[in-house]
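Okay, structure first, notes after.
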Amino acid sequence: LFIACALLSLPSYAQNEGRSYQVEVLIFKRNPLLVNTDEIWRKDLKLSYPANTRYISRIQPKGTHQLGGHDYTLRKDENHTVLFHQSWRQKMWGKKRSPSLIIRGGQAFGNHRELEGSIKIHIGRYLHVSTDLWLSEFAFNEDDNQNTQDETFSGSINTLSWPRLPSLPNADNSQAYQYIFDNGPKPSRIITLREKRRMRSKETHYIDHPYMGILVRMLPCLLYTSPSPRDLSTSR
């Protein structure tokens, strides 16, 4: 009886794979004046994009957003800044088969943004979301002899392991690349958000952090097409 029940439960995982969902993600940061600035920042950060990384495609118009009310409230509040708010359609796969999606948002500083990193969404019995994001505060050094960086990064900024944005959706980006800042914008501090959460569809989920927050909502699409992981890829 036990074996029979186990065999009957196996197809439920397989049936979940390949289903299309509309995913909506809103990421915001808190006003720096409201957070604790006495924290000691790590100097040994290792930032990199996973090997199986894709750009987000099948982006949906704002009229389909379910988190628009939250976006409006956050933008009206001077204590918060919305960095990223997008909705897209995605076919769900198991953990090993699902790609990580590149996230970039906020102000641009040279080739980088305030918010960078990736989000991975996969499905089993439930939906699962994993975040590997970093929020950077930048400072400009216009004079070689003038150091405007946060002192916790002094002497280590040029050896910080910094990833380059992948040039191709299927490129192997598991290695972190050195980034030369010279006299351009320099991160005075970098805050990471690495979380793993189990989620349900049709519910709004909140990932909290002292310096930022993430709202995630996923809705099953009514129409399903033939499954293919390539639906997430774009050519650039």
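Restricting to the stretch 47-61, and then to whatever is of a type in the set (Gly, Ala, Ser) and under 14 Å from residue 104 (Cα atoms), can you tell me which residue is surrounded by the fewest Cβ atoms within 10 Å (Cβ to Cβ)?
Only one residue tops the list, namely 57.
Considering only residues that are of a type in the set (Ser, Thr, Tyr) and touching a residue at least 60 places away in the same chain (Cβ under 8 Å), which ones fall in the stretch 57-95? Break it down stepwise before answering.
Pass one, the stretch 57-95, residues of a type in the set (Ser, Thr, Tyr): 57, 64, 72-73, 81, 87.
Within the stretch 57-95, 57, 87 meet the criteria.
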Name the residue, out of 126, 72, that is within 20 Å of residue 200 (Cβ to Cβ) and surrounded by fewer than 17 Cβ atoms within 10 Å (Cβ to Cβ).
126
Does any residue in the stretch 96-117 that is on the phi > 0 side of the Ramachandran plot and open to solvent by 10 Å² or more (accessible area, probe 1.4 Å) come within less than 9 Å, Cβ to Cβ, of a residue that is assigned to a loop (DSSP other than H, G, I, E, B) and not hydroxyl-bearing (Ser, Thr, Tyr) six or more places away or on a different chain, and which pairs are these?
110/181; 110/184
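Go through the stretch 176-207 and count every residue that is modelled with pLDDT under 55 and more than 18 Å from the chain's Cα centre (by Cα). Show your work before the answer.
Within the stretch 176-207, the first condition is being modelled with pLDDT under 55, and the residues that meet it are 176-183.
Among the residues that remain, those that are also more than 18 Å from the chain's Cα centre (by Cα) are: 177-183.
So the count comes out to 7.
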Please name all residue pairs, on different chains or six or more residues apart, with Cβ atoms under 8 Å, provided the first residue is in the stretch 208-228 and is part of a loop (DSSP other than H, G, I, E, B) and the second residue is open to solvent by 80 Å² or more (accessible area, probe 1.4 Å) and at pLDDT below 90.
210/36
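The values are calculated or read from the model by the stated rules, or taken from the named source; none is laboratory data. This is a predicted model, so every value here is computed, not measured. No Cβ is skipped: glycine too gets one built from the backbone with ideal geometry, and neighbour counts run over all protein chains shown. Just so you know, the surface numbers come from the protein's heavy atoms only, side chains and all, with ligands and any DNA or RNA stripped out. Shrake-Rupley method; radii C 1.70, N 1.55, O 1.52, S 1.80 Å.
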